[in-house]
Structure formats: C-alpha cells, structure tokens
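One structure below.
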Amino acid sequence: MMQFFRSNVRWIMLAITVLFVFSIFAGYGSFSGGSSKSSGGDYAVAKVDGKKIMASEIERQVIQTIERMGPEQTVTSKDYPVVRSMVLDQLAVMAELDKEVKRLKIDITKDDVDVEFKRIADQFPTREMFLEQIAKSGVTEAQVKDDLRKQLSYNRVMEDAVKDASADIKEIRAFYEQMKDYYFKKPAGFSLNAAQFANAKAAEAFRAKLIAGTPWDKALEGISSADVKGSTPYAEPSVIPTEQMTGPTEVVKKAVTGKPSAVIKLSDADYLVVLKRGEQKAGVAPFDEVSKDVEGMLLSQERQGLQSQFVDSLRKRAVVEKLDEEFFKPVVEPSTEANSGDKAPIKEEKPVSAD
C-alpha cells in the first residue's frame with residue numbers, strides 16, 4: 001500500500017484539490033485517536049504560511065482521504081505518515097489557491113452557491129432528508145454553503161489554469177490513426193430503441209400505440225411512470241452487438257426494421273419492447289464520425305497535464321514548515337534481503353479502519 005501512495009500521490013493530490021468537497025459532509029465531525037502525543041493533548045505539527053496546523057486537523061483529513069479511496073484500498077498504520085504528508089501538501093496548495101482566488105478577483109455569487117446546494121439536495125429522496133443529514137453532521141446550512149463557495153472558487157481557479165488547452169487537427173488525426181483499432185472499433189450489431197416495463201399489460205399497451213402510429217416518445221408519455229423501468233429516447237438509439245442478443249432477446253435479430261418487436265418477456269417483472277432502427281456492420285468508425293470524441297479525449301488529457309503542472313507550482317511556492325518531523329516520517333520497511341539472524345519476526349499490522 002505504501003508503494004501505491006508513493007506512485008500515485010500526484011493524481012491523488014490533484015483530485016483532492018480540484019474536488020475540494022467530495023462529500024459535502026466529509027469535513028465535519030470530530031476525529032478520535034492517533035492525533036496527539038502521549039500527554040493526550042492536541043498540538044501543532046506544521047505551519048503553512050505561518051499558520052499552525054494541528055495534528056487533529058491532519059488526522060481528520062487522513063481519515064477522509066482514506067474513505068474517498070474506497071474499501072478496495074487497504075491502508076495500514078504504516079501508510080499514515082505518507083498520507084499525512086499528502087494532506088499537508090493539500091493544505092498548502094489550498095492556501096495558495098486562496099491567494100489565486102483573490103488575485104483573479106473571483107466572485108462566487110449567492111445564486112451560484114444556491115444552485116450547487118440544490119444540486120446536492122436533489123440527490124436525496126427529499127429535501128427534509130438532506131437537511132436532516134446536515135443537522136446530523138453537526139453543522140448549519142450556512143456552514144455548508146460557505147464550504148461550497150470555497151469549492152466553487154477553487155474550481156474557477158482550476159478552470160483558469162486550463163483555459164489555454166487546445167488540440168489541433170493534426171494531433172487529432174494522428175491520435176485517431178494511432179488508436180482507432182483500440183478505441184473506435186464497431187462490432188456488428190443493431191441500432192435500436194428499447195423500452196422496459198414492469199408488467200406485460202403496460203408493454204402491450206405501449207406496443208399497440210406504436211403500431212397505431214404514435215411516435216416512440218409520445219407513446220411513452222401515456223404509460224404510468226411506475227410501469228416504465230427504463231427507455232431510450234427516440235433520438236438516441238443504442239447500438240447493441242449481435243453477440244449480446246441471446247436468450248429472449250435473440251428475436252430482435254429477426255425483427256423487422258422500423259416496426260416494434262413483439263413484447264419480450266425477460267422475467268415475470270421485466271418486459272421489453274424494441275424498435276430496430278438499422279444494422280451496424282463490424283469495422284472501424286470513420287474519422288469524421290468520431291473526430292469530436294478524439295478532440296475531447298485530447299483536450300481532457302491536456303487539461304489534466306496543465307492542472308497537474310499548476311498544482312505542482314502552487315505546492316512549490318507554498319511556505320511549509322514541519323514542526324514535528326516524526327509525525328510525517330515514513331515508516332522504513334525492512335529489506336527482504338537482510339539477514340534474518342536471530343531477529344524476532346515482524347508482526348503484520350492490521351488494516352486501519354476509516355470508521
């Protein structure tokens with residue numbers, strides 16, 4: 001795991017900086033354990049621009065960072081010093097971002113914050129549940145909005161850093177020629193629209209409307225939303241490879257183009273109606289068809305590079321002083337080639353829970 005952090009620290013730093021608030025509630029609450037010396041009290045472990053950084057603040061953000069990485073990454077106490085250093089770098093970069101916000105005179109309006117606040121609230125089943133979660137986190141709506149304002153201002157700084165990103169037609173064409181057999185292969189298949197229903201009655205009613213001449217999207221409007229499990233808009237058909245059409249969906253291969261299929265029963269609570277739009281032959285997508293996608297890929301790569309360079313420059317110019325070197329000192333793992341002699345076996349440390 002130590003090697004994972006060492007080899008990926010740059011992209012982790014960038015991700016944390018650009019997306020300052022991964023979870024709007026991640027930064028709240030108290031951290032218990034591991035943040036103080038034997039005396040039991042909190043203490044300053046570093047300074048950023050002369051401002052003291054407490055051990056508890058570092059440890060709290062260490063836990064948040066580990067949680068963001070997901071359960072698939074096993075982190076032990078031996079990894080903590082590396083993550084602590086990474087968090088300190090993050091705080092240093094954020095201090096420099098604050099300066100950039102002032103330099104660029106970035107103004108995040110109340111409307112900007114309200115829109116972002118609503119976007120997050122909409123991810124909850126109800127607004128009441130969202131506000132309840134805020135209350136459980138021990139903060140106020142005003143505090144959450146202050147954090148959102150900071151996040152949005154940082155995002156504006158990062159957008160300014162990549163404003164000159166570009167990809168010319170020669171680069172786009174060269175990338176296409178180099179990667180077309182990897183990224184732009186098209187399997188043999190069918191272009192089609194599909195609508196999935198919770199019961200046969202709704203599926204049959206939808207199919208009857210199509211046969212009567214009702215346009216695809218209009219035919220869906222009259223069906224109860226509780227009965228519709230999913231559908232593709234008529235203007236956005238999907239291409240399904242022929243090899244994936246097995247079992248009940250194999251009938252689609254023989255369906256008449258432009259006419260709705262018979263109702264296909266996938267299970268007792270899953271019924272499908274398909275409208276075949278055309279056939280796709282196996283091959284490579286032509287350049288004109290995917291040039292915009294290629295340009296987007298190259299621009300994304302260019303922006304990532306510019307962002308990384310920008311974050312690196314912010315970190316280099318930040319004034320950071322470590323007051324407790326031991327707190328950030330990496331654990332030296334014993335060499336497997338060293339003489340074992342009469343040394344006691346090294347006890348394997350258990351993963352540290354992020355809870």
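Brief remarks follow.
- Computed extension gain for residue 221 through residue 204, at 0.36 nm per residue and net of the alpha carbon distance, reaches 4.7 nm.
- Over segment 102-227, accessible surface divided per residue gives 62 Å², non-protein components excluded, 1.4 Å probe.
- Working from label points 7 Å from Cα in the Cα-to-Cβ sense, the residue 107 to residue 309 distance is 3.1 nm.
- Set against the 2.2 N^0.38 Å expectation for a compact globular protein, segment 116-177 has a Cα radius of gyration ratio of 1.84.
- Shape summary of segment 261-320, radius of gyration then Dmax from alpha carbon positions: 23.9, 69 Å.
- Proximal charge balance of residue 121 [Cβ under 11 Å; K/R count +1, D/E count -1]: -2
- Projected area averaged over orientations for segment 225-310, convex hull of C-alpha atoms, nm²: 9.5
- With both labels modelled 7 Å from their Cα along Cα-to-Cβ, the residue 246 to residue 168 distance reads 4.9 nm.
- Potential lengthening between residue 159 and residue 191 on full extension [0.36 nm per residue; Cα-Cα distance subtracted]: 7.8 nm
- 12 Å beta-carbon shell around residue 180, net charge (K/R +1, D/E -1): -1
- Qualifying aspartates and glutamates (Cα of each under 12 Å from Cα of residue 322; at least 8 residues distant if same chain): 49, 89
- Percent of Cα pairs in segment 157-217 per distance bin of 10 Å, from zero to the largest separation: 15, 21, 17, 18, 22, 7.
- Sites residue 67 and residue 257, calculated FRET efficiency, Cβ-Cβ separation with R0 51 Å, nearest 0.05: 0.55
- Inter-label distance, nm, simple model (7 Å from Cα along the C-beta direction), residue 44/residue 129: 4.5
- Efficiency of FRET from Cβ geometry, residue 238 and residue 51, R₀ 45 Å, rounded to 0.05: 0.25
The values are calculated or read from the model by the stated rules, or taken from the named source; none is laboratory data. Keep in mind that this is a model prediction, so the values were computed, not measured. Because the Cβ atoms are built from the backbone with ideal geometry, glycine has one as well, and the counts that use them run over all protein chains shown. When the accessible area is computed, the model is the full protein with side chains, heavy atoms only, and any ligands, DNA or RNA have been set aside. Shrake-Rupley method; radii C 1.70, N 1.55, O 1.52, S 1.80 Å.
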